[in-house]
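Asks: What follows is a structure written as structure tokens; I'll ask about it next.
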There are 2 protein chains.
Amino acid sequence: MDKTSEDVNSSYMVPGLLRGLSLLGLFGKDRPAMRLTDIAKELKLSRATVFRTVYTLEHEGYLVRLKDSNYYSLGPRVLTLGFDYLHSQELVEVARPILDGLRDTTGASTHMALIDDFDVLYIYRAASHQRLSSNRHVGSRLPAHVSSIGRAILAELPESVVAEKYAGYDLRVENYTEPATFDELKECLRVERERGYIAGSFVSGISSVAVAIRDSEGNVVAGINVSDYESIPCMKDIHGKLKDKVLAAASEISRRLGHTSSL
Amino acid sequence: MDKTSEDVNSSYMVPGLLRGLSLLGLFGKDRPAMRLTDIAKELKLSRATVFRTVYTLEHEGYLVRLKDSNYYSLGPRVLTLGFDYLHSQELVEVARPILDGLRDTTGASTHMALIDDFDVLYIYRAASHQRLSSNRHVGSRLPAHVSSIGRAILAELPESVVAEKYAGYDLRVENYTEPATFDELKECLRVERERGYIAGSFVSGISSVAVAIRDSEGNVVAGINVSDYESIPCMKDIHGKLKDKVLAAASEISRRLGHTSSL
DNA sequence: AACCATTGTTACGCATATAAAACAACAAGG
DNA sequence: CCTTGTTGTTTTATATGCGTAACAATGGTT
């Protein structure tokens, strides 16, 4: 509700652009359509400014005016941007066949995600054929410290980095009890770091095995997991064969990264 | 190469925002990373302006500076935007289970797309389990008049609208020969309109059956198709059972639309 | 090394984008 | 019907974002 009001007053910021972006950010699953006045109220801007901003965004296809109303919602153009992002990431291109393969040999859903701010952001999913797909779509987010992939990545980071990052950060998340304090998180990561992989149930009824991915220079850049109902066969021995398969897939992805000299 | 230089000089445009958006648009599969100077040259802007714009976009997570270099590429934030868009579209939510079902009963890949400008934009895909996935990813584009879904949509639009839209538009597309002139397109649409669905091979070796989707008010809002290698069993009778299944799926989607009173 | 070219970054004055206020168009309500 | 309170849109004077030009920092070339 109250995110620390961060007025970045560097004179290098382009205010018009800043407003446009935060305006786009208002539209989410919960609030798919807004009017000028609503936006103005939300962003604490004059209607005139919002008018011009919306006018610009609409012209560029990032916003769409709903028929016979003065409500606006996100336009198709924003999708193209996301598509371009995914396809500019060799990470996804490299991981795709391997995660598809892992899905096929295990029969469970596999995912790839990276850390953005305090979230993990899913950038690929190979959904299991058998069961109805989970809700971990590409583009969705989850607090990093309560997701298997997030923990896999955090565990590979220097402890000092993690400590600084989470200093004063409230770890409490709805529906997740596990690490409620930083000390608990540190302990989780310590155990998991020693073991070399993450395994367990992060959502009740769902088991996951996650491992971090490194680029050719050794930097942790993402993580993958196998995650599905704990009742299905392959999830029975998450500490056995399944773990080995995930580790193998991860190191294969890491190995293939960075061999295509980009740019 | 030379898109008609459209200077929209309405005084309502926010220049800073306009620049930021077109800057983001530069990054694609072909050009995943750029330096300030490259961008400046491309957009014909001073480096100072580009500096400020990039500075802003980076701060907001829409751009990322590559390690130990002054190259920038798209940041994860753009993905979230696309995700929000998809989930604010009841179209996708409604179509998902039906297209998944259609994929399962046919064994072929199914897609949903809508028209944006002169392109079809894919907004959902249920990939076939058997074969390696096609390259029609969510967020990708194709000239509308050479895609099955695009033609399905265009055929449902009033002919006058299509005529005006494509007046003076060059229909020639690489690797596609079919409708090279507007008259040819008109003839295609006429035939397909009479038949009530689109079927055929738009890419060599691939067969497709497409039908338009209407919202509760009768407006054409999107299209769906079944599209896969023409050699696989279910594609043998695209004018028979397969066509019926697609038509049924489409009308089911259309029926379910607009019953969730939004806003 | 000294050169030159080319980069990212900072400073500053003028053109211009913007916030406040006026306007128009509508709806509700007494 | 005339208020009163909403909207979205237009205007305009002034605060400010922008291009020019200088600066700094790098890297290649002889």
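The values are calculated or read from the model by the stated rules, or taken from the named source; none is laboratory data. Bear in mind the structure is a predicted one, so any value in this text is a computation, not a measurement. So basically every Cβ, Gly included, is an ideal-geometry build from the backbone, and we count neighbours across all protein chains shown.
Asks: Take A:Ala212 and tell me if it is closer than 21 Å to A:Leu102 by Cα and touching a Gly at 6+ places or on another chain (Cβ under 8 Å).
Replies: Criteria met by A:Ala212.
Asks: Output the residues belonging to the stretch B:51-79 that are of a type in the set (Val, Ile, Thr) and surrounded by 22 or more Cβ atoms within 10 Å (Cβ to Cβ).
Replies: If the condition is that a residue be of a type in the set (Val, Ile, Thr) and surrounded by 22 or more Cβ atoms within 10 Å (Cβ to Cβ), then B:Thr53, B:Val54, B:Thr56, B:Val78 are the ones that fit.
Asks: Which residues, counting only those in the stretch A:38-94, are touching a helix residue (DSSP H, G or I) at 6+ places or on another chain (Cβ under 7 Å) and charged (D, E, K, R)?
Replies: A:Glu42, A:Arg47, A:Glu60, A:Arg65
Asks: Scan the stretch B:223-233 for residues that are in contact with a Lys or Arg (Cβ under 9 Å, 6 or more places away or on another chain) and either buried (at least 18 other Cβ atoms within 10 Å of the Cβ) or closer than 17 Å to B:Ala144 by Cβ (or both) and jot them down. Don't jump to the end; show me each part of the working.
Replies: Our first condition is that a residue be in contact with a Lys or Arg (Cβ under 9 Å, 6 or more places away or on another chain); within the stretch B:223-233, this holds for B:223, B:226-230, B:232.
Within the stretch B:223-233, B:Gly223, B:Val226, B:Ser227, B:Asp228 qualify.
Asks: Okay, moving on. Of the residues A:Ser73, A:Ser11, which is within 11 Å of DNA strand D (Cβ to nearest atom) and more than 30 Å from A:Ala249 (Cβ to Cβ)? Explain how you work it out, then say what you get.
Replies: Details: A:Ser73 fails: within 11 Å of DNA strand D (Cβ to nearest atom).
Going through A:Ser73, A:Ser11 in turn, just one is within 11 Å of DNA strand D (Cβ to nearest atom) and more than 30 Å from A:Ala249 (Cβ to Cβ): A:Ser11.
Asks: Which strands (runs of 3 or more DSSP E) sit wholly inside the stretch B:1-119 and have at least 2 residues that are more than 7 Å from chain A (Cβ to nearest Cβ) and more than 12 Å from DNA strand C (Cβ to nearest atom)? Spell out how you get there, then give the answer.
Replies: On the way: elements: B:63-65, B:71-74, B:109-116.
Qualifying strands (runs of 3 or more DSSP E): B:109-116.
Asks: Further question: Please specify each residue of the stretch B:65-78 satisfying the condition of being within 15 Å of B:Leu21 (Cα to Cα) and of a type in the set (A, V, I, L, M).
Replies: Hits for the stretch B:65-78 are B:Leu74, B:Val78.
Asks: Look through B:Leu189, B:Leu142, B:Leu171 and report the one residue that is closer than 26 Å to A:Asp100 by Cβ, assigned by TED's automatic domain parsing to the domain that holds B:Val226 and buried (at least 17 other Cβ atoms within 10 Å of the Cβ). Give the derivation first.
Replies: Working: B:Leu189 fails: closer than 26 Å to A:Asp100 by Cβ; B:Leu171 fails: closer than 26 Å to A:Asp100 by Cβ.
Criteria check complete, one pass: B:Leu142.
Asks: Now for a different question. Exactly one of (1) surrounded by fewer than 17 Cβ atoms within 10 Å (Cβ to Cβ); (2) not in a helix (DSSP H, G or I) is unmet by B:Glu184. Its number?
Replies: (2)
Asks: As an exercise: evaluate B:Glu217 against (1) touching a residue at least 12 places away in the same chain (Cβ under 8 Å); (2) in a helix (DSSP H, G or I) and give the number of the one condition it does not meet.
Replies: So B:Glu217 meets the others, but not (2).
Asks: Is it the case that the stretch B:27-50 has a residue that's surrounded by 17 or more Cβ atoms within 10 Å (Cβ to Cβ), within 13 Å of DNA strand D (Cβ to nearest atom), within 24 Å of A:Val50 (Cβ to Cβ) and under 29 Å from the mean Cα position of the chain (by Cα)?
Replies: Checked against the condition, which is being surrounded by 17 or more Cβ atoms within 10 Å (Cβ to Cβ), within 13 Å of DNA strand D (Cβ to nearest atom), within 24 Å of A:Val50 (Cβ to Cβ) and under 29 Å from the mean Cα position of the chain (by Cα), the stretch B:27-50 yields no hits at all.
Matching residues to (1) assigned by TED's automatic domain parsing to the domain that holds B:Leu189; (2) of a type in the set (S, T, N, Q):
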{"site": "B:Gly61", "(1), (2)": "no, no"}
{"site": "B:Ser73", "(1), (2)": "no, yes"}
{"site": "B:Val94", "(1), (2)": "yes, no"}
{"site": "B:Leu99", "(1), (2)": "yes, no"}
{"site": "B:Ser109", "(1), (2)": "yes, yes"}
{"site": "B:Ile149", "(1), (2)": "yes, no"}
{"site": "B:Glu164", "(1), (2)": "yes, no"}
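Asks: Taking the stretch A:128-165, which residues are within 20 Å of A:Phe202 (Cα to Cα) and assigned to a loop (DSSP other than H, G, I, E, B)?
Replies: A:Ser128, A:Arg131, A:Leu132, A:Ser133, A:Ser134, A:Asn135, A:Arg136, A:His137, A:Val138, A:Gly139, A:Ser140, A:Ser147
Asks: Please enumerate the residues belonging to the stretch B:51-62 that are near DNA strand D (Cβ under 8 Å from one of its atoms) and more than 22 Å from A:Thr80 (Cβ to Cβ).
Replies: In the first step, residues of the stretch B:51-62 are kept if they are near DNA strand D (Cβ under 8 Å from one of its atoms); the result is B:52-53.
Result: B:Arg52, single match.
Asks: Let me ask you something else. For residues in the stretch A:120-158 being under 14 Å from the mean Cα position of the chain (by Cα), of a type outside the set (A, V, I, L, M) and farther than 20 Å from A:Ala199 by Cβ, which is nearest to the other protein chains (Cβ to nearest Cβ)?
Replies: Filtering the stretch A:120-158 for residues that are under 14 Å from the mean Cα position of the chain (by Cα), of a type outside the set (A, V, I, L, M) and farther than 20 Å from A:Ala199 by Cβ, the one nearest to the other protein chains (Cβ to nearest Cβ) comes out as A:Gly139.
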